[in-house]
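Worksheet: the structure to be examined is printed underneath.
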Amino acid sequence: MKFVSFILRNALRNRRRTVLTILSISMSLFLICTLRTLLDALESPTLTPEAAKRVVTRHATGLANSMPISYRERIRRVPGVEEVMANQWFGGVYKDPANFFAQFVVDADHFFDVYSEIRTETPEQRDAFTGLRTASLAGVNLAKRFDWKVGDRITLQGSIFPVNAETTIVGLVKGGGAESNFYFRWDYFNELFPANISGSFVVKARNVEDVPVVSESIDAMFLSSTAPTKTETEAAFILSFMSMWGNVRVLVGSISTVVLFAVILVAANTMAMSIRERTGEIAILKTLGFAPRQILGMTIAESALIALAGGLAGSIGARYLYASFDLTAYTMGFIQTLDVRWATVLLSAGISIAVAFISTFVPAYNAARAPIAVAIRRR
Amino acid sequence: MIPIRYNLRSIVVRRMATAMTIGGVALTVAVFVSILAMIQGLRNTFLDTGEPLNLILIRQGSQSEAYSYFDRNIKGIVETMDGVDAVAGEIVVLINYPRISGETTNIIVRGVSEKSLELRSKVRVAEGRFFRAGLREVVVSRSISSRFKDARLGDAILIGRTKWNVVGILDASRTAYDSEIWADYNEVSEEFDRLIYSLLLVRCKDARSLQFIKERIAGDRRVKLDAFGEKEYFETQTSSALPIQVLGYMVGIIMAVGSCFAVMNTMYAATAHRTREIATLRVLGFKRRNILLSFMLESVVLAVCGGVVGCLLALPVHGISTGTANFASFAEIAFQFRITPPLIAEGMLFAAFMGGIGGLLPARRAAKMQIVQALRPEV
């Protein structure tokens with residue numbers, strides 16, 4: 001216990017330096033946590049158990065190519081399929097192209113069965129969507145962004161399709177990542193643009209175990225048709241969108257590595273400064289009988305304490321900062337929330353301790369090994 | 001004024017602390033400059049695309065050639081307009097295609113004619129030859145060829161349901177066309193069973209006729225097209241750089257704040273070690289503001305040294321070729337990191353700024369020091 005207070009006092013001896021170092025380290029760890037969480041959000045979207053049962057069928061060539069709507073009934077008859085629904089990206093413009101948000105054209109009758117985790121505020125809103133042909137649903141965050149209320153009429157000017165969709169919001173939805181999306185009905189869409197097509201189909205399998213077989217049977221069924229399909233799990237489908245942004249992993253990885261080196265330099269500088277000031281003291285400690293190993297340990301512990309304080313401040317700060325505001329508006333809806341996981345906080349604590357060890361070992365080792373006579377004279 | 005030589009020598013004396021502080025600033029500047037180089041490369045790719053006398057005609061409201069389609073008879077109407085020099089009718093199809101690293105993204109396949117090449121003077125066949133009309137042959141731009149599967153000269157690439165022979169490599173002088181695959185219009189339109197044009201590329205006789213044609217298209221109810229200058233069309237797509245820009249500035253600012261704290265630490269230590277020197281300078285007749293300026297200058301010089309090292313560290317990223325998603329079409333846009341002299345200047349300014357902010361408080365402390373106290377022997 002006596003060591004603990006010794007270490008603590010040493011760490012707080014030059015308070016300004018300690019605080020500045022903690023702040024500097026916390027900024028870096030804040031950044032590393034942010035990048036790590038960003039990568040998490042892009043690469044492994046949080047999926048519910050329901051989502052694992054879903055697969056998405058699209059045209060083998062790409063999403064810009066659509067499939068005939070008749071595929072819907074053929075997919076429904078595939079063994080293992082519980083429910084299927086058309087899902088078309090509308091890509092319309094709300095007042096200004098800068099107001100970008102995701103708009104999906106869906107089958108109202110099957111929407112809540114396929115996406116069972118998506119909920120309206122009241123059961124009446126749900127019935128209203130199935131009841132009215134020109135009905136639409138807005139995610140709660142989206143509604144907040146544009147100050148929409150139930151009953152508002154929304155006009156989306158088509159860009160992919162040469163039609164304008166005029167719908168009435170009948171409900172607000174949340175759950176399953178729907179918070180920033182907009183949904184309206186396929187039958188209304190097909191009336192505006194009578195081509196009998198859909199860009200993708202969302203299929204829900206009866207069991208998770210059925211998923212591979214269902215995917216394979218769907219693709220096999222359409223293999224030699226004019227519109228061959230590619231069916232993959234919802235997770236893989238989302239991931240394929242993320243990969244469009246390029247090699248985010250390498251970008252994030254390289255930035256984090258450089259930041260890490262910067263932290264090591266900062267910590268090393270601080271510890272080198274304080275150890276140099278204490279050369280004489282260390283000599284006295286050794287005169288009193290402390291072993292070099294003990295001195296080395298105490299110095300590293302001191303540095304670990306400072307680095308850990310910085311690391312925890314940065315990562316926990318990130319966790320609560322990102323939890324407290326909505327990122328949708330700043331990122332055009334691509335990232336809704338950054339949820340800094342406890343695992344990430346733990347990771348940055350680990351990084352901090354490693355940084356402390358790397359940055360302090362050499363100067364502390366040299367100081368602990370220096371002959372007493374030399375060290376005292378150097379003072 | 002206190003000669004700057006005094007500061008330079010002081011910097012050299014504290015070799016270790018100086019090196020570590022410079023290192024920290026250097027890493028920050030290196031990251032900042034690298035991200036700026038990425039943004040610059042992406043923006044320039046769009047800004048360098050297009051020729052002043054070319055117009056791009058797409059379906060009204062479609063915003064992107066990837067989502068535009070219209071009747072082929074319209075080409076005849078446009079060709080007979082006054083001031084039109086040449087018209088190329090083209091089709092654009094997005095295909096979902098894997099990179100060499102495995103993830104898939106969308107690539108633009110452009111169905112063109114000989115005229116398309118004539119109207120784009122920056123695009124030329126660099127290796128092999130142009131495709132022959134009537135054959136399933138493609139020419140692939142260099143950055144697609146080097147980063148995507150089966151896209152090298154002599155390979156056969158799967159587009160739609162057929163394998164197409166790669167007979168040539170395109171060099172589009174780092175414009176947006178460097179991200180595309182080109183094939184014969186008739187072959188592409190037949191493969192995807194789309195007997196339409198996605199766009200008309202119109203070469204006008206002069207600037208006056210360009211303006212005239214633009215107005216005529218806007219007023220012509222038969223054609224229902226939007227006319228954009230080719231340059232203007234690609235300029236609007238620079239918004240694709242937005243996510244990187246947001247990320248870049250966030251990373252830059254957070255790292256800069258961290259580095260400021262580190263610089264502050266070093267400068268506080270510097271002033272603490274040189275208490276007596278400062279007092280002596282005061283006794284010699286230097287004013288408080290001389291001391292303030294001198295220490296500020298020292299801090300800025302220190303940071304600028306870091307800036308130089310940082311820029312040097314960032315240089316190797318110049319020319320790295322990568323890709324991200326184009327906002328307008330959701331297709332891959334390939335670009336190269338570009339470091340330009342103004343960008344280096346920006347990096348240096350950024351470094352100087354960190355030095356200035358980091359040095360301010362320590363310099364103020366040095367300037368406020370009481371001479372008598374400072375000269376009193378250390379206890």
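What to note about this one:
- Rounded to whole numbers, the Karplus 3J(HN,Hα) couplings from phi for segment B:117-125 are 6, 4, 7, 10, 5, 7, 9, 9, 7 Hz, using 6.51 cos²θ - 1.76 cosθ + 1.60 with θ = phi - 60°, and x at Gly and Pro.
- Stokes-Einstein D in µm²/s, Kirkwood radius over Cα pairs - segment B:168-288 at 4 °C with 1.567 mPa s viscosity: 59
- Loop trypsin sites (Lys or Arg not before Pro), segment A:1-110 (other Cβ atoms within 10 Å of the site Cβ: 15 or fewer; DSSP): A:R13, A:R77, A:K95
- Average beta-carbon neighbours from other chains, 10 Å sphere, peptide A:55-68: 4
- Per residue, segment A:136-191 exposes an accessible area of 36 Å² to a 1.4 Å probe, with every protein chain left in place.
- Stokes-Einstein D for chain B, Kirkwood Rh over Cα pairs, 20 °C, 1.002 mPa s (µm²/s): 88
- Percent of Cα pairs exceeding the 27 Å cut-off, where the set is chain A: 61
- Distant-in-sequence amide H partners of B:A126 (H built 1.01 Å from N, under 5 Å): B:I169, B:L170, B:D171
- Karplus-derived 3J(HN,Hα), 6.51/-1.76/1.60, for each residue of segment B:246-255, Hz, glycine and proline x: 4, 4, x, 5, 4, 4, x, 5, 4, 5
- Relative contact order [Cα under 8 Å, 6+ residues apart], segment B:185-333, whole percent: 19
- As a length-normalised measure over Cα pairs under 8 Å and 6 or more apart, the relative contact order of segment B:153-230 settles at 15 percent.
- Selected from B:I77, B:I253, B:I357 as most flexible by GNM, with chain B as the system and alpha-carbon contacts under 10 Å: B:I77
- Between 0 and 90 degrees, the angle of helix A:342-369 with respect to the longest Cα principal axis of chain A falls at about 20 degrees.
- Rounded to the nearest 20 debye, the dipole size of segment B:1-82 about its Cα centre is 980 debye, using +1 on the Cβ of Lys and Arg and -1 on the Cβ of Asp and Glu.
- Rolling a 1.4 Å probe across the protein heavy atoms gives segment B:38-162 an accessible surface of 38 Å² per residue.
- Reachable lysines, given that their alpha-carbon falls under 23 Å from the alpha-carbon of B:K224 and they are not under 8 places away in the same chain: A:K95, B:K75, B:K205, B:K214
- Within a straight-line Cα-Cα reach of under 17 Å, B:K149 can be paired with the following aspartates and glutamates, leaving aside sequence neighbours fewer than 8 residues apart in one chain: B:E103, B:E137, B:D178, B:E180, B:E332.
- Computed from the Cβ-Cβ distance with R0 of 41 Å, the FRET efficiency linking A:V374 to A:V4 stands at 0.90.
- Taking only the C-alpha atoms of segment A:56-132, Rg followed by Dmax gives 14.9, 45 Å.
- Charge tally for B:P98 (other residues, Cβ to Cβ under 12 Å; Lys, Arg +1; Asp, Glu -1): +1.
- The lysines whose alpha-carbon is closer than 29 Å to the alpha-carbon of A:K53, local same-chain residues fewer than 8 away aside, are A:K174, A:K204, A:K230.
- Rg/Rg_ref, segment B:250-300, where Rg_ref = 2.2 N^0.38 Å and atoms are Cα: 1.42
- Candidates A:F361, A:F111, A:F129: whichever shows maximal mean-square fluctuation once chain A is modelled as a Gaussian network with Cα springs under 10 Å: A:F361
- Residue-normalised accessible area of segment A:1-56, given per residue in Å² at a 1.4 Å probe: 49
- Once the Cα gyration tensor of the protein assembly as shown is diagonalised, semi-axes √(5λ) in Å: 59, 32, 23
- Under Karplus coefficients 6.51, -1.76 and 1.60, residue-wise ³J(HN,Hα) of segment B:355-365 in Hz, glycine/proline x: x, x, 5, x, x, 4, 5, x, 5, 5, 5
- For segment B:224-302, GluC sites (Glu not before Pro) are listed when DSSP marks them as loop and at most 13 other Cβ atoms sit within 10 Å of their Cβ; the list is empty.
- Mean separation of Cα pairs under 8 Å and 6 or more residues apart, divided by the residue count, gives segment B:1-142 a relative contact order of 12 percent.
- The protein assembly as shown - percent of accessible surface contributed by carbon and sulfur, probe 1.4 Å: 60
- Near-label residues of segment B:290-312 by backbone N, under 18 Å of a point 7 Å along Cα→Cβ of B:Y6: B:290-302
- Cα-based helix-to-principal-axis angle, B:288-314 vs chain B, degrees rounded to 10: 40
- Placing unit charges on the Cβ atoms of the charged side chains and taking the dipole of chain B about its Cα centre, the candidate lying farthest along the positive direction among B:T28, B:L170, B:V301 is B:V301.
- Buried area at the B-A interface (accessible, heavy atoms, 1.4 Å probe, summed, Å²): 4300
- Computed over segment A:5-122, the Cα gyration tensor eigenvalues convert (square root of 5λ each) into semi-axes of 51, 19, 14 Å, ordered from largest to smallest.
- For A:E277 and A:F361, the FRET efficiency from 1/(1 + (r/R0)^6), where r spans their Cβ atoms and R0 equals 25 Å, is about 0.85.
- Acute angle (nearest 10 degrees) that the helix A:292-324 long axis makes with the longest principal axis of chain A, alpha-carbon atoms: 30
- Taking the chain by itself as reference, segment B:252-294 contains these residues with an accessible-area loss of 40 Å² or more in the full protein complex (1.4 Å probe, heavy atoms): B:I254, B:M255, B:F261, B:N265, B:Y268.
- Label point distance in nm, B:S121-A:A354, each placed 7 Å from Cα along Cα→Cβ: 5.5
The values are calculated or read from the model by the stated rules, or taken from the named source; none is laboratory data. The structure presented is a predicted model; accordingly, all values stated were derived computationally and were not measured. Note that we place each Cβ from the backbone using ideal geometry, even for glycine, and neighbour counts take in every protein chain shown. Ligands, DNA and RNA are stripped out before the accessible areas are found, and what is left, the full protein with its side chains, is counted by its heavy atoms. Shrake-Rupley method; radii C 1.70, N 1.55, O 1.52, S 1.80 Å.
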